[in-house]
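See structure below.
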Amino acid sequence: MITQIGILVHDIEAVSKAYADFFGVDTPEWFWTDTPDKAQTEYLGEPSQARAKLAFFNMDSVQLELIEPDSHPSTWRNHLNEHGEGPHHIAFVIEGMKEKIAIMEGKGMKLQQKGEYTGGRYAYLDSVPQLKILVELLENDR
């Protein structure tokens, strides 16, 4: 089941307010992703200092994630530069990250970026040729 839709933005405060007004809810506070020492971010197989501002809207069964990337190389920065603001990924909560990445890579969906967050890890796979959008895998610690 899709758990999250990620949208890239240039101005997280303005877009958060617009979504909050649209949904009739409070504007969520944004926060930075973890620092590089904690996040251990890798982009295209290389370490990256990339960070992003995140804001979340928790809707019934799906979470809307707004992402404003910094200037360091990342899937977020690259996608925003190439395609502008808009949808970036759909995310699924999974178990067995390494196995799921191997299965997806076997289907031609190359690992683009991975990292850690407080309570788990994530991986973005380039599923655009097949699915027309990136897939993010989220594995939460128990």
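Starting with the fewest neighbours, write out 109, 97, 1 ranked by other beta-carbon atoms found within 10 Å of each beta-carbon.
Ascending number of Cβ neighbours within 10 Å: 1, 97, 109.
Kindly work out what percent of the DSSP beta bridges joining two residues of the chain are antiparallel, to the nearest 5.
75
Name the lysines eligible as straight-distance cross-link partners of residue 53: C-alpha to C-alpha under 21 Å, and not fewer than 8 places from it in the same chain.
17, 38, 114
Find out how many positive minus negative residues lie around residue 5, taking Lys and Arg as positive, Asp and Glu as negative, among other residues whose Cβ is under 11 Å from that of residue 5.
My count for the surroundings of residue 5 gives -2.
Please identify every one of the GluC sites (Glu not before Pro) in the stretch 74-112 that sits in a loop by DSSP and has no more than 16 other beta carbons within 10 Å of its own beta carbon.
For GluC sites (Glu not before Pro) across the stretch 74-112 that sit outside H, G, I, E and B with at most 16 neighbouring Cβ atoms in 10 Å, the list reads 85, 95.
Compute the signed sum of charges (Lys and Arg +1, Asp and Glu -1) over the other residues within less than 14 Å, Cβ to Cβ, of residue 131.
Spelling it out: positives minus negatives among the neighbours equals +1.
Roughly how tilted is helix 97-106, in degrees to the nearest 10 and between 0 and 90, from the longest Cα axis of the chain?
70
Read through the labelled values (i) 15.3, 46; (ii) 15.8, 53; (iii) 14.6, 43 and report the label of the one computed as Rg and Dmax of the Cα atoms in Å from the structure.
For Rg and Dmax of the Cα atoms in Å, the calculated option is (iii).
Let me check I've understood the local charge: for residue 68, count other residues with C-beta under 12 angstrom from its C-beta, Lys and Arg +1, Asp and Glu -1. What total comes out?
Within the 12 Å Cβ shell, the charges total -2.
If I model a spin label as a point 7 Å beyond the Cα along the Cα-Cβ vector, how far apart are those points for residue 107 and residue 32 in nm?
Result for the modelled spin labels: 3.6 nm.
Enumerate the aspartates and glutamates that residue 100 could reach by cross-link, defined here as Cα to Cα under 12 Å, with residues fewer than 8 away along the same chain left out.
Answer for residue 100, where 12 Å is the Cα cut-off: 136, 139, listed by chain and number.
Read-outs: derived from the displayed coordinates by stated rules, not from any lab. Bear in mind that the values here come from a model prediction, so they are computed numbers and not experimental data. Positions of Cβ are generated from backbone atoms using ideal geometry, with glycine treated the same way; all protein chains shown enter the neighbour counts.
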